[in-house]
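A quick write-up on the structure given underneath.
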Amino acid sequence: MNKILILGSSGQVGYYLTEILGSEAIPLSRDEAPLNNIEQLQKILSSYTPKAIINAAAYTLVDQAENEKEKAFMINATAPGILAQYCKTNDIPFVHFSTDYVFDGKKKQPYHEEDTPHPLNTYGKSKLAGEKEVLEKGNKYLIFRTSWVYSLRRKNFLKTILQKVWKKEPLKIVNDQIGTPNWAFDIANISIQCLNQALQFNKFPKGIYHLSSQGETSWFGFTEKILSLLHQENYPLYPISTQELAPKVQRPFYSVLGTQLIQKTFQIELPSWQESLKKALSPINLGDLKNGS
């Protein structure tokens, strides 16, 4: 029986995709299938006959992307186009992940799929270019835009906060960027549910979908909730503005994603960001974070 090829299996979402699919997965890490080496990627594709491909690999270093534009576009745009074309040629589904950073954040209410993208930085531009490549070259594809991805794996905002708390370092957190935190497990689990459903439809429901937990908060509010769940309500936490942080790269101030389309199409129930965070933190032991594990 053919299996599902997962690219970026060592990343946050890729890890959970591999866990959930179990023996049905062919997991390939970014080292095993580097998306910035097109020749090697094409060789890898020719050595498998998967029944679907899920691309959970991406270039996500927002600041660094300004100095590595070619690499960012290769991984986030060129490679997804090649993957989409391969899936079309072999008549198999392709799942790809995109980002809230395709929007400029000037809207004050949730962004919907039909809203016009206007990325502010190279990372966002490269991810938007990747969407366009898939739309142009793909056939049976699902593009899931998500945001503020966290887990207890790899480097991400939650891990950074936990490590600082373990070291008892005061926290200064931005309070004027609004979005929705998303647990990597939810993204993996819901995308697999959608793929399974899509395969049952008479006509494959190809397109872009916003996959996000419900609700919104700031990075400061997210941190407050993390500390509350860790019973650290009196921890030294201070709000700062984005301007005080002196960022090298512009980021959207508001990037909440409206999820009506995914809920209507797939009859999916999306959790609140608060309940997902509680589940994500349930196995936590601050002592485990001593070495950044």
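Values quoted throughout were computed directly from the atomic coordinates according to the rules given, and no laboratory measurement underlies them. Note that the structure is a prediction, hence the values are computed from the model and not measured. Cβ: placed from backbone, ideal geometry, glycine included. Neighbour counts: every protein chain shown.
Of note:
- Length-normalised contact order of the stretch 29-82 in % [C-alpha pairs under 8 Å, at least 6 apart]: 39 percent
- Note on K155: lysines with a C-alpha under 18 Å away, same-chain residues under 8 apart excluded, are K164, K167, K290.
- The DSSP beta bridges internal to the chain are antiparallel in roughly 5% of cases.
- Mean residue ellipticity at 222 nm, helices only, the chain: -10500 deg cm²/dmol; runs of at least 4 DSSP H residues each add -39,500 (n - 2.57), and the sum is divided by the number of residues.
- Reported label for calculated volume of the Cα convex hull per residue in Å³ given (1) 130; (2) 169; (3) 150: (1)
- Pairwise Cα separations in the stretch 19-88 fall into 10 Å bins from 0 onward with the following percentages, short to long: 18, 50, 26, 6.
- A simple packing score, the average count of other Cβ atoms within 10 Å per residue, orders the peptides 129-138, 272-281 as 129-138, 272-281, with the highest score first.
- Highest GNM mean-square fluctuation among W183, W148, W166, for the chain modelled with Cα contacts below 10 Å: W166.
- Relative contact order (percent, whole number), the stretch 23-171, Cα cutoff 8 Å, 6+ residue spacing: 24 percent
- Look at the alpha carbon pairs under 8 Å that are at least 6 residues apart: their mean separation over the length of the chain gives a relative contact order of 20 percent.
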